[in-house]
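Down below is the structure, laid out as structure tokens.
The values are calculated or read from the model by the stated rules, or taken from the named source; none is laboratory data. Values in this document were obtained by computation on a predicted structure and should not be read as measured data. No Cβ is skipped: glycine too gets one built from the backbone with ideal geometry, and neighbour counts run over all protein chains shown. Side chains are part of the model used for accessible areas, which takes the heavy atoms of the whole protein and leaves out ligands, DNA and RNA. Shrake-Rupley method; radii C 1.70, N 1.55, O 1.52, S 1.80 Å.
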Amino acid sequence: MASLNVSLCFFLATFALCQASRRAAKALLPGGAYAHFAREAMRMLVELGPWAGGFGPDLLLTLVFLLLLVHGATLDGASANPTVSLQRFLLAEASLPRTLLELAAQALGVHAAGALTRLYWAWGLSDLHVLQSLMDPHCSSALRTAVPHGALLEGSCAFLLHLVLLRLQGSRAVHRVLAVALLLTAAACTAGPLTSAFLNPALAASVTFRCSGHSLLEYVQVYWLGPVTGMLLAVLLYHGRLPRLFQRNLLYSQKSKYRVPRGRPVPGPGGSQTPEEGSRGRGPGSGGQPLSSSH
């Protein structure tokens, strides 16, 4: 219980720090710098929390769900996920400079989160944190299955996540936050024992890429190529194309929204006549009047 209280205090303190930093950055930085950089970096500080606690699966899933709800309600538009930033770019919702700035902020934020977590462990506020601090240089891999299977799991979960994000665009924030939190918690429950279900290349790189057990190339295949492929397939399935790259629909036949009406008879003074039929009964130069008889 002591370890749980210490970790909960860590989560709350980190959340308060990020909120204060976000407000300060929003007040002091230009709008563009805050929107594309600061909020992504602040979000990544909190994103690492659930994977740094060291608890059992039931308690960890509960914490993950609650933290995802809190994050979703306060993220202020930040994604903290490179695949979401790339999805916005492919949908032509973000420019290339903005996307690169977001990716840089996510990388900076996740490194700051890792450093903050290790500093907290080093204080030794609980036996669990002392053990984690001692084991940190010799961490074990989060990938506990074959590389192709792991890539398939991460890609499939990312595919479902991005489909939900695409489907809920424009919906009420409360519905979107709840749906994403439930989906990510279910992914952590099903794929977590095999890959930890990061669904986030930046988060996976910080937590497990330095751990022994697999090569860097194997980690890249599972935690980078898997989620990116899942995102690409989700966008392609939902839109039928990648809007940034293709104007033409690649999967679905496009039908016109408007039906061209067929030619119908034009009603005239003497009944229903087509323009051609009406002109036949008129003499040249008559102007539509009958010819007068000669006397």
On each of the three principal axes the extent of the alpha-carbon atoms of the stretch 94-176, given in whole Å and largest first, is 46, 32, 29
Between T145 and V70, the two model label points (7 Å from Cα along the beta-carbon direction) sit apart by a distance in nm of 3.0 nm
Diffing the stretch 178-193: the Karplus 3J(HN,Hα) column from phi (6.51, -1.76, 1.60, θ = phi - 60°), in whole Hz with x for Gly and Pro, holds 5, 5, 5, 5, 5, 5, 5, 5, 5, 5, 5, 6, 8, 9, x, x
With +1 on the Cβ of every Lys and Arg and -1 on the Cβ of every Asp and Glu, the dipole magnitude of the stretch 94-218 about its Cα centre, in debye rounded to the nearest 20, is 380 debye
Log entry: pair-distance distribution for the stretch 128-175, C-alpha pairs binned every 5 Å from zero, whole % per bin is 5, 16, 12, 12, 11, 12, 14, 12, 7, 0
At 4 °C in a medium of viscosity 1.567 mPa s, the stretch 113-267 has a Stokes-Einstein diffusion coefficient, with Rh taken as the Kirkwood radius over alpha carbon pairs, in µm² per second, of 69 µm²/s
Of every Cα-Cα pair in the stretch 155-195, the percentage lying beyond 15 Å is 40 percent
Summing +1 per Lys or Arg and -1 per Asp or Glu among the other residues with Cβ less than 15 Å from A151's Cβ gives -1
Using a 1.4 Å probe on heavy atoms of the protein chains only, the accessible area for F65 in Å², nearest 10, reads 50 Å²
Sorted list, accessible surface of protein heavy atoms, 1.4 Å probe, largest first, for E218, E102, E93 is E93, E218, E102
With 0.36 nm assigned to each residue of separation and the Cα-Cα distance removed, L182 to C211 gains 7.6 nm
Per the C-alpha gyration tensor (a ≥ b ≥ c, the square roots of its eigenvalues), the stretch 73-113 is rounded if a/c is under 1.5, else prolate if a/b beats b/c, else oblate; here it's oblate
